[in-house]
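Okay, structure first, notes after.
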Amino acid sequence: MSTHNNEPNPNSSSRRSFLKQSTALTAIAFTPGAAVSAAQKGWDEQVALAFEQLPLRLKVNGIAQQVNVEARVTLLDLLRDQLHLTGTKKGCDYGQCGACTVHVNGERVNSCLTLAITTEGCQVTTIEGLAKGEELHPMQQAFLKHDGFQCGYCTPGQIMSAVACIKEGHADSPEEIRRVYECNICRCGAYPNIVNAILEVKAKGEKL
Amino acid sequence: MEKNPKNPPIDRVDGRMKVTGGAKYFAEFEMPKMAYCVIVGSTIARGSITGIQTKKAEASPGVLGVFTHLNRPPIPGWDSPVTGNANGPAPAPPSGGETYRILSGKEILFDGQPVAMVVADTFERATYAASLVKVSYAKQTSHTDVGKNLSKAITPKGPRFADYTRGDRKALESAPVQLESNYSIPIEVHNPMELHGILAHWTGPEEIMIYAKTQGVMATQQAMARAFKIDAKGIRVHTEFMGGGFGMGLRTWPQEVATVAIARKLGRPVKLLMTRSQMFTLVGHRPYTLQTIRMGADANGKLLGIVHEATAETASYEDFTEATVNMTRFMYESAYLETRYKIVPLDRSVPIWMRGPGEATGAFALESAMDEMAHQLKMDPIEFRLKNYTETDPERNRPFSAKNLKEGYERGAKAIGWNQRKSEPASIREGDWLVGYGMGTGTFNASRGQATVRAILKSDGSLTVQCAVTDIGPGTGTAMTLVAHQVLGVPLDRIKVEYGDTTLPPGPMQGGSTVTSTVGSAVMDTCTLIKKELAQLATGAGGPLQGQNPEDLVLEEGQLYAGNNPSKKVSLLELMQQSNMPVIDKTQLSKGGDEQQKYSMYSFSLHFVQVNVHALTGAVKVTKAISIADAGRIVSPKTAASQMIGGAVGGIGMALTEEALIDHRLGRFVNNNFGDYHVPVHADVPAIETILIDKPDPYINPMGAKGMGEIAIIGFAAAVANAVFNATGKRIRDLPITPDKLIGLV
């Protein structure tokens, strides 16, 4: 269940010890005064930060991104905190609600269960990447028309899953949609409207 | 949903923002040098802290502070003696009990109680450092089970919760047909999709910018003003979008105030983001409640007496109350009526009103008992209700302002196919599935509070409408737009509504099904002022409709017409330009009068369901649902229908899946996540039909509109339980109706 919340990250912890030792060794080379001053200025921290960051290149909504992330950063937090793409939502962080659904190389994934570093070289599509300028994606249009939401918080994840649902060929009947698509929770209870939106997009047969 | 040609459904005005990811919720705002706060919760439910080790966490990279009861920054309004205050550090509750203040002492009063708040420069670093805080406890026996602590039950203070009796008890005791049933509902958790938290930054010594997840920006502003003893004017709270609330945002929680205190101490913006598991312990829940109903009737189905008793959990440190038994006092005619309501203080975090609060709990018992009695009487459940129908409020002896339930029974029965229902349970079988039908009634108080709305009409044809109300999802912004459109005829796409910020004119909390009545009326009043001004301009000296009576003018589609001569007209824009008025800007405070004293005002609902119960496994599926709202005039038909559907989905959860389970040996939840606490998912929900009766309430407000947020769920769980009985002959009185309670029917 709770993964990274309570469990210390052993890799990170050992790297920290290593860094502490190496900093101590370095300190010997300095005069004591310089070592104290270095510690006071938080250089230790900055060294640690640099070592803990890993370079990552990926494409998000068609735009190449080059970032540095800690190995423990999830794709969800990378998108929201570093790339400022807050359309992708955090609803549980445990892969249980679907609010964070994005497409990685065309497949739907829970971005909260995907470490950012594993998306090296991948194409990521988020809700912000669906519309073409001012023109909404057909699924966005259908959600609007059928009122497939209330508070709107689960909506980006619902829409990303809904698009995938059709692409995966699982949107032939209301029953199939309800069965296949139950990994996206909507607490406001817009499910019937969401099913209607998906059915309409499917029936129109547009390329998604 | 049937369509009213005069009020066609429109798309949600904020819909585009929501489907594109453009809507920004509290955690999505950024500030320079923003720090992240993570809560460490207690792992015991009762006892005290004997030691707390924070050094490792403090030394962890990026950590800016670790705050515990030993070093929590001051909260001046809380640290000094406090008066009764729902949002703050409760003083000792009126019933006796103890005080709880966040990070203020060694005492642990509930599981998950914050024992440390860890702040770092990134979310990951704060989360990791939080894992390094080690706490040791002296553990005491915790008491978390209502059933085992009934001896501690007390009647809360206040007339609303006092024992109530009406009529002669002998009527009940001598009734020829009697029943007594016990019901229970488990702890349910609001669990809106958006995680709770707050983002706060002190922009001056007495100035704070706050992005909150609150159902009332002004309430949060006031709570912070009290906590920090500063002028509310210096505090700005912003919640334009809120990812659901269902009641959990009706107060300012202690961890929010602590975060603001920490932000002041650190001198930089701090964002608290809670985990899903913490949503089970730190932002309230629907309380576990035991209920008993005794009912007596004569052989013809006339009710002779009802006794409704409820006993619910509360925290040891605060009295939480809700109107669980109150609906029973006025819903049906009955010669004798008695209600009792008690609360049991436990080692638990305090509950908070959850959608359809006490009434949803109470309606499960009352409407189940009505079905049980109808069965005993061999009467149709609708007929039994009609037999005891009342057009006036028997509790207060005055008329209802409007009640159209009779029409509702008729339309609902037709829509669900009630005539296919067999009065003998377990009569319909389709393959492995037993089929049954059931219904339940709901009601919730309707009222009108006060709100101030500003409306600005410009000669470019645009209209801006402002109020500090919050829209947690039902479509308040859409309703405000429609009301303004209906008064002034400004095209929908030229109307902009602004809400969810304390810099706007004062508005109410979103809660208790009052916002459409309150804010809608205020929008109507302010826009009517503008309309009057336009009429004066048009009919005054030199005006294009000079000489006409301003009262007789009609405003439609941006044109002012002379009522008696439609060919005489002028467009609003021409009129404003001709009159050299680039802007008409009006602000008006709006509130109800004494109508609340003359009439009993309620919204009503009916829920009809068809269920399939698997004969072998006991699995229940709601296969058809009709939800009917009798909530006055419908302002926004599309969002209103969605609100009813959403309530029905919540009702499916209440009836079939939702149950937060405590291991009473530890006083801790065992299923505090979405994988184990089952909210309804797509597979649980059929197509749901809504019927909006859409008849104005002539008294509540000038629009005739009442709220429907609560009635959407009230009575639904009973409808399901009644349908399950009809399908199987087995009466389930303990929610949720999980397969283990029905297994082995064959």
Flag for B:Pro702 being within 17 Å of B:Ser605 (Cα to Cα) and either open to solvent by 10 Å² or more (accessible area, probe 1.4 Å) or of a type in the set (Gly, Ala, Ser) (or both): no
If a residue counts only when it is open to solvent by less than 10 Å² (accessible area, probe 1.4 Å) and among the small types (Gly, Ala, Ser), which strands (runs of 3 or more DSSP E) contained entirely in the stretch B:236-328 have at least 1 such residues? B:289-297, B:303-315
Reported set for the stretch B:542-578 where residues are farther than 21 Å from B:Leu529 by Cβ and open to solvent by 80 Å² or more (accessible area, probe 1.4 Å) is B:Gln546, B:Asn564, B:Pro566, B:Ser567, B:Lys568, B:Lys569
All but one of (1) open to solvent by less than 10 Å² (accessible area, probe 1.4 Å); (2) more than 14 Å from chain A (Cβ to nearest Cβ) hold for B:His196, so report the exception by its number. (2)
Take B:Arg101 and tell me if it is at pLDDT below 95 and under 28 Å from B:Arg665 (Cα atoms). yes
In the stretch B:150-159, is there at least one residue being without any contact (Cβ under 8 Å) to a residue 40 or more places away in the chain and farther than 21 Å from B:Leu282 by Cβ? yes
Can you name every residue in the stretch B:421-463 that is in contact with a helix residue (DSSP H, G or I) (Cβ under 8 Å, 6 or more places away or on another chain) and among the hydrophobic types (A, V, I, L, M, F, W, C)? B:Ala426, B:Ile428, B:Leu434, B:Val435, B:Met439, B:Phe444, B:Ala446, B:Ala451, B:Val453, B:Ala455, B:Leu457, B:Leu463
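Okay, residues lined up against (1) among the acidic types (Asp, Glu); (2) without any contact (Cβ under 8 Å) to a residue 60 or more places away in the chain; (3) within 13 Å of another protein chain (Cβ to nearest Cβ); (4) open to solvent by 10 Å² or more (accessible area, probe 1.4 Å):
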| site | (1), (2), (3), (4) |
| --- | --- |
| B:Ser603 | no, no, no, no |
| B:Ala648 | no, no, yes, no |
| B:Gly651 | no, no, yes, no |
| B:Val670 | no, yes, yes, yes |
Select from the stretch B:605-638 the residues that are buried (at least 21 other Cβ atoms within 10 Å of the Cβ) and of a type in the set (Ser, Thr, Tyr) and list them in ascending order. B:Ser605, B:Ser627, B:Ser636
Some residue of the stretch B:340-347 being assigned to a helix (DSSP H, G or I), open to solvent by 10 Å² or more (accessible area, probe 1.4 Å) and not β-branched (Val, Ile, Thr): no
Restricting attention to the stretch B:358-393, and to residues there that are open to solvent by 10 Å² or more (accessible area, probe 1.4 Å), of a type in the set (D, E, K, R) and in contact with a strand residue (DSSP E or B) (Cβ under 6 Å, 6 or more places away or on another chain), which single residue is nearest to B:Gln178 (Cα to Cα)? B:Glu372
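Quick grid of which residues meet (1) small (Gly, Ala, Ser); (2) not in a strand (DSSP E or B):
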residue	(1), (2)
B:Leu589	no, no
B:Ser603	yes, no
B:Leu606	no, no
B:Val649	no, yes
Do we find a residue being touching a Lys or Arg at 6+ places or on another chain (Cβ under 9 Å), over 23 Å from B:Gly715 (Cβ atoms) and either at pLDDT 95 or above or in the same structural domain as B:Ser131 (by TED's automatic domain parsing) (or both) anywhere in the stretch B:298-309? yes
Mind listing whichever residues of the stretch B:123-165 are among the charged types (D, E, K, R), open to solvent by 50 Å² or more (accessible area, probe 1.4 Å) and under 34 Å from the mean Cα position of the chain (by Cα)? B:Lys148, B:Lys152, B:Lys157, B:Arg160, B:Asp163
Criterion first (more than 22 Å from B:Ala23 (Cβ to Cβ) and surrounded by 24 or more Cβ atoms within 10 Å (Cβ to Cβ)) does A:Ile198 satisfy it? no
Matching option when the condition is in contact with a strand residue (DSSP E or B) (Cβ under 6 Å, 6 or more places away or on another chain) and polar (S, T, N, Q), among B:Thr464, B:Thr514: B:Thr464
Quick one: would you say B:Met331 is hydrophobic (A, V, I, L, M, F, W, C), touching a helix residue (DSSP H, G or I) at 6+ places or on another chain (Cβ under 9 Å) and buried (at least 24 other Cβ atoms within 10 Å of the Cβ)? yes
Restricting attention to the stretch B:428-456, the residues that are within 19 Å of B:Asn326 (Cβ to Cβ) and either in a strand (DSSP E or B) or of a type in the set (S, T, N, Q) (or both) number exactly 7
Across (1) surrounded by 24 or more Cβ atoms within 10 Å (Cβ to Cβ); (2) farther than 30 Å from B:Leu661 by Cα; (3) at pLDDT 95 or above, B:Asp168 clears everything bar (1)
Pull up the stretch B:503-517, narrow it to residues that are surrounded by 24 or more Cβ atoms within 10 Å (Cβ to Cβ) and among the β-branched types (Val, Ile, Thr), then point me to the one that is farthest from B:Glu556 (Cα to Cα). B:Val515
Just checking, does the stretch B:394-411 include any residue being open to solvent by 20 Å² or more (accessible area, probe 1.4 Å), in contact (Cβ under 8 Å) with a residue 24 or more places away in the chain and touching a His at 6+ places or on another chain (Cβ under 9 Å)? no
With criteria (1) part of a loop (DSSP other than H, G, I, E, B); (2) in contact with an Asp or Glu (Cβ under 8 Å, 6 or more places away or on another chain), B:Ile472 comes up short on (2)
Consider A:Gln65 carefully, then state whether it is open to solvent by 40 Å² or more (accessible area, probe 1.4 Å), out of contact with any helix residue (DSSP H, G or I) (no Cβ under 6 Å at 6 or more places or on another chain) and not in a loop (DSSP other than H, G, I, E, B). yes
Where residues in the stretch B:14-54 are part of a loop (DSSP other than H, G, I, E, B) and more than 11 Å from chain A (Cβ to nearest Cβ), which of them is farthest from B:Ala120 (Cα to Cα)? B:Arg46
What are the residue pairs meeting all of these: first residue in the stretch A:71-86, first residue within 9 Å of chain B (Cβ to nearest Cβ) and at positive phi, second residue open to solvent by 10 Å² or more (accessible area, probe 1.4 Å) and modelled with pLDDT under 95, Cβ atoms under 8 Å, and 6 or more apart or on different chains? A:His84/B:Glu30
Kindly indicate whether any position in the stretch B:3-18 is open to solvent by 30 Å² or more (accessible area, probe 1.4 Å) and touching a strand residue (DSSP E or B) at 6+ places or on another chain (Cβ under 6 Å). no
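The values are calculated or read from the model by the stated rules, or taken from the named source; none is laboratory data. It should be emphasised that the depicted structure is a prediction, and the values quoted were computed from it without experimental measurement. Counting neighbours? That spans all protein chains shown, and the Cβs are built from the backbone with ideal geometry, glycine included. Accessible surface is based on the protein model in full, side chains and every heavy atom, while ligands, DNA and RNA are left aside. Shrake-Rupley method; radii C 1.70, N 1.55, O 1.52, S 1.80 Å.
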